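All remarks here apply to the structure that follows.
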Amino acid sequence: MATGVAGSSFTSELNRLGNSGTYPVLTSYLAATGAANKYAGTTGKALIGALNLEADSARQPKDFKALGGICNELAGTTNLSPTDALRSIDV
């Protein structure tokens, strides 16, 4: 179990979460959308869609939260930047 590293990027954190809590080697990094889908266990979803479905697999698109809201929901935090919220998730 580990949280992210200070100064890591949003894409790095999505890759960490999609890789069971460890940062993959750079040559294995996915773009943010691909990493979000890997984390959520979805395929072909947009970034916001994948993250919302990770939080609630029954959530409908009309109820999707924006980036800051969904990242804080996933992390169980409030008012953090999306990157800081993802960084705080202990996987």
Quiz item: Of the numbered conditions (1) among the hydrophobic types (A, V, I, L, M, F, W, C); (2) under 22 Å from Ala31 (Cα atoms); (3) more than 10 Å from the chain's Cα centre (by Cα), Leu51 satisfies every one except a single condition; which is it?
Solution: (3)
Practice problem: Residue by residue through the stretch 14-27, note down the ones that are more than 18 Å from Thr42 (Cα to Cα) and assigned to a helix (DSSP H, G or I). | Solution: Leu26, Thr27
Exercise. Identify the residue in the stretch 60-91 that is touching a Ser or Thr at 6+ places or on another chain (Cβ under 9 Å) and surrounded by fewer than 17 Cβ atoms within 10 Å (Cβ to Cβ) and, among all such residues, is modelled with the lowest pLDDT.
Key: Val91
Quiz item: Of all residues in the stretch 56-82, which are under 19 Å from Thr3 (Cβ atoms), in a helix (DSSP H, G or I) and of a type in the set (Gly, Ala, Ser)?
Solution: Gly68, Ala75
Exercise. Select, from Ala31, Ala6, the only residue that is loosely packed, with under 14 Cβ neighbours inside 10 Å and modelled with pLDDT under 95.
Key: Ala6
Quiz item: What is the number of the single condition among (1) farther than 18 Å from Asp90 by Cβ; (2) in contact (Cβ under 8 Å) with a residue 24 or more places away in the chain that Glu13 does not meet?
Solution: (1)
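The values are calculated or read from the model by the stated rules, or taken from the named source; none is laboratory data. The structure displayed is predicted, hence computed values, not measured ones. Counting neighbours? That spans all protein chains shown, and the Cβs are built from the backbone with ideal geometry, glycine included.
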